[in-house]
Amino acid sequence: MRRFASAFRLRASASVSGQAGLAARLAAQGLRLATRALAIGDEAAFPDASEPLSRRRASGAARLAGRAALAELGSPAAAELPRAPGGFALWPQGFRGSLAHDGGLAAAVAARAADVAAVGVDVEPAQALPDEVAEIALLAGERRASVSDPTLARAIFAAKEAVYKAVNPIDGCAPEYEDIEIDLAAHCARLGDGRALRLDYERLDIADGARWVVVAYALVRG
């Protein structure tokens with residue numbers, strides 16, 4: 001596996017368990033999750049004329065979700081969350097967060113930087129992952145883990161995307177899919193350089209189809 005430089009070492013973490021919903025489980029760890037169905041007018045929250053309307057609407061919905069998550073932490077509700085050159089959102093001083101969206105659902109996770117060292121979120125349809133994508137993105141053990149339920153392959157893919165979003169703003173470089181090993185049962189993601197992140201996830205059933213929402217994070221306290 002390719003190993004990449006890191007600004008800090010994420011501590012290995014215990015698995016996450018329990019019957020509460022994803023938002024409640026994350027809140028217990030100091031994170032706030034907000035989701036939002038895309039709606040006409042959401043594009044006003046991301047007024048980038050260089051982007052097509054569909055992209056502006058999805059990105060705007062994600063930023064509205066991000067503001068809602070920040071508001072739960074006591075941050076001013078009007079945070080712009082501008083896009084950094086690397087493509088990720090810039091969060092207010094003292095906070096960390098991550099945004100995700102597809103064509104129908106947006107999600108955001110936010111936390112205080114004093115509590116959370118890194119965080120990423122991804123949204124994917126709860127559908128089987130195309131074979132050609134699985135061959136590239138999933139390790140052999142991950143493909144075996146999803147044989148009984150092909151939609152789990154998409155959850156594993158979403159977990160890898162969430163890990164990328166968590167570490168890229170810190171490292172300034174991008175892990176490849178094969179650098180990330182996902183164990184959904186253990187709620188753990190491990191990187192090729194030995195770091196580990198916690199995973200939590202939930203399948204949401206919404207009007208236009210079920211989604212996987214997956215969050216990867218590392219706590220400052222380990």
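Here, each number is a calculation from the coordinates, and none is a lab measurement. Only a predicted model underlies this, so the values are computations on that prediction, with no experimental measurement involved. As a convention, Cβ positions derive from the backbone with ideal geometry for all residues, glycine included, and neighbour counts pool all protein chains shown.
Over the residues of the chain, the helix contribution to mean residue ellipticity at 222 nm works out to -8500 deg cm²/dmol, using -39500 (n - 2.57) for each DSSP H run of at least 4. Springs join every pair of Cα atoms under 10 Å in this Gaussian network model of the chain, and among Glu161, Glu124, Glu142 the largest mean-square fluctuation is at Glu142.
Taking Ala100, Ala84, Ala128 as the candidate residues, the one with maximal mean-square fluctuation in a Gaussian network model of the chain, Cα springs under 10 Å, is Ala84. The GNM of the chain, with springs linking C-alpha atoms under 10 angstrom apart, assigns the highest mean-square fluctuation among Leu99, Leu53, Leu33 to Leu53.
In a DSSP loop and with at most 16 other Cβ atoms within 10 Å, the GluC sites (Glu not before Pro) in region 171-222 are Glu176. Restricting the trypsin sites (Lys or Arg not before Pro) of region 114-222 to loop positions (DSSP other than H, G, I, E, B) with no more than 12 neighbouring Cβ atoms within 10 Å leaves Arg221.
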